[in-house]
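Working notes, beginning with the structure itself.
The values are calculated or read from the model by the stated rules, or taken from the named source; none is laboratory data. The structure presented is a predicted model; accordingly, all values stated were derived computationally and were not measured. Every residue, glycine among them, receives a Cβ derived from its backbone with ideal geometry; neighbour counts consider all protein chains shown.
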Amino acid sequence: MAPAPLLTIGELSRRTGMSVSAIRYYEARGLVQAIRSAGNQRRFPRADIRRLSFALIAQQLGLTLAEIAAVLATLPQGRSPTRADWQAISRRIRSALQQRIEMLERTRDRLDGCIGCGCLSLARCALYNPGDRAAAAGTGPRFLLAAIEPAAVRPSGGRRRPCRTAR
Ligand code: FES
């Protein structure tokens with residue numbers, strides 16, 4: 001069987017929707033590897049459409065470029081990745097994606113309440129984050145970043161209310 005024709009960077013740009021400069025940027029970071037033509041122009045295997053599409057989606061899902069590059073580096077070089085190769089990637093990022101899904105759900109459900117950021121600016125902060133106890137768990141909006149229930153930062157021995165969110 002004849003090898004699939006290689007794509008120019010313009011063709012890759014048109015199919016993926018990425019700008020040529022973005023593709024060069026991803027290439028420089030090792031997400032795709034161009035082959036040089038006799039005239040020293042970039043040529044890409046068609047399978048790179050899928051690599052770049054994965055990078056696009058993974059970035060939108062919150063994976064960093066370094067994470068994406070590390071995952072793509074596990075794909076075989078010199079041949080088109082198979083379904084089994086992509087299944088292995090799916091398993092690798094499943095946990096990271098699950099964590100992001102849970103953070104998005106917490107943000108959706110709690111953004112109008114106390115987020116444990118230390119501002120103490122809402123009346124509810126005194127109830128859910130008294131004295132900024134959330135700071136003991138780390139920096140940032142602790143109730144969004146981590147699966148910490150606002151009730152978990154209440155003083156020990158206090159009566160816990162059966163509330164699930166910081167509304
Ligand atoms: S919203 Fe910032 S500490 Fe409550």
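Can you pull out the residues in the range 21-48 that are buried (at least 18 other Cβ atoms within 10 Å of the Cβ) and either in contact with a Cys (Cβ under 6 Å, 6 or more places away or on another chain) or β-branched (Val, Ile, Thr) (or both)?
Hits for the range 21-48 are Ile23, Val32.
Within the range 14-70, track down each residue that is within 21 Å of Ser95 (Cα to Cα) and small (Gly, Ala, Ser).
Selection gives Ser53, Ala55, Ala58, Gly62, Ala66, Ala69, Ala70.
List the helices (runs of 4 or more DSSP H) inside the range 27-126, counting only whole elements, that have at least 1 residues being within 16 Å of the ligand (Cβ to nearest atom).
83-110
One residue is enough: does the range 105-112 have a residue meeting the conditions surrounded by 15 or more Cβ atoms within 10 Å (Cβ to Cβ), outside the structural domain of Ile23 (by TED's automatic domain parsing), among the hydroxyl-bearing types (Ser, Thr, Tyr) and free of Cβ contacts under 8 Å to residues at least 60 places away in the same chain?
No: the range 105-112 contains no residue that is surrounded by 15 or more Cβ atoms within 10 Å (Cβ to Cβ), outside the structural domain of Ile23 (by TED's automatic domain parsing), among the hydroxyl-bearing types (Ser, Thr, Tyr) and free of Cβ contacts under 8 Å to residues at least 60 places away in the same chain.
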